[in-house]
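Student: Below: one structure in C-alpha cells.
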Amino acid sequence: MVRHPPIGTGGSVVRAAMRRTPSLTALTRRERRLVGALYTPRAIQRWLRNVRYNREHGGETLRTFRGVVRDGTAHCLEGCLAAATLLDQHGHPPLVLHLASQDGLEHILALFRHRGRWGAIGRSRDEGLHGRAPVYPSLLALAQSYMVPYVDGSGRVVGWAVTDLDALLPRTDWRLAPTNAWSVDRALLRLRHRRLHMSERRYRTWLRRYLAYRAAVPAATPGEWRRFYGDEARWWW
C-alpha cells in the first residue's frame, strides 16, 4: 500500500489515505481488458458515456466497478466508483467531487489532475454534468463549472466537497464488491460541504433560458444542448 501526500484543493487539504489498489490478479479477465484499454482519463470518460444509464427501474442499486462491468449499466454514483477504480489502476488517487443541490439531487464525479490542472469524469442523464477537461486551476473552479448546467427547474448547486474514497471508506470495498455498496452513499451524505454561491440574478437568468429552451426543444440532442450552453460547454467531456 502507498500513502498519498495531502492534496491541496485551493484553500483546503484532502486527508491522505493508504491506497488499497487491487492487483491485476484480483480483477476478472474482462476487468483487466478494460484497465489495459482505458489508460487515459479521456478514454475512461468515453467508455463511461457509452455505459447505459441506470434509471433503477428494478429498484435502487449501488454497484461498484465490478458490478458496472458485469451488468453494463451505471447511474452517477456507480459511474463515479467505476471511473475512480480505473483511474486508481493508472496511478491517480481515488478523489471525488461531491456536489450538493437545493433539491437534494446530488452529483458526484471522479477527479484527476494533469499538469497541475484539475479535471473530472462522470455519468449523468444531463449533458452538462458529465466530465471536464483538465483545465481548471483549482477544485473550486472545477466545481463552479457545474453551477450553470445544474439549473433545470429544481436543481441549484449549493455546496461542494472533495474526499479520498480510501480515507472515507477504510473498511468498504468500493472498487470490487460484487454486491451493492450502500455504505458509500451513507458516508458521502455525512461530508461537510463548502458553500458554493450562485447569485440570484444569474440563477434566474439561466432558469428562464433553460425552461424556455426545454419547452421549445423537448427532445434536444447532446449537441443541441451544447450549442444552447455556448461557452459554458467549452470544456465539457
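Student: Taking the range 81-125 on its own, what percent of its Cα-Cα pair distances exceed 13 Å?
Tutor: On the way: 552 of 990 pairs.
Of all Cα-Cα distances in the range 81-125, 56 percent exceed 13 Å.
Student: Considering only DSSP states other than H, G, I, E and B, which trypsin sites (Lys or Arg not before Pro) in the range 93-151 qualify as loop sites with at most 12 other Cβ atoms within 10 Å?
Tutor: Numbers: sites: 113, 115, 117, 123, 125, 132; in loops: 115, 123, 125.
Listed in order of number, the matching sites are 115, 125.
Student: Using unit Cβ charges (K, R positive; D, E negative) and no other charged atoms, how large, in debye to the nearest 20, is the dipole of the chain about its Cα centre? Could the numbers behind the result be given before it?
Tutor: On the way: 39 positive and 19 negative charges, 93 e Å.
The dipole of the chain has a size of about 440 debye.
Student: For the range 134-237, list log₁₀ I(q)/I(0) at each q in 0.20, 0.25 Å⁻¹, using the Debye formula over Cα point scatterers of equal strength and ignoring solvent, two decimals each.
Tutor: -1.08, -1.29
Student: Continuing with this model, one more query. Looking at the chain from every direction and averaging, what is the projected area of its Cα convex hull in nm²? Working shown, then result.
Tutor: Values: hull surface 50.7 nm².
Projected area, direction-averaged: 12.7 nm².
Every number here is computed from the coordinates shown, using simple stated rules; none is lab data. Just so you know, these numbers come straight off a predicted model, no measurement behind them. Reconstructed Cβ throughout: ideal geometry from the backbone, glycine too, with neighbour counts over all protein chains shown.
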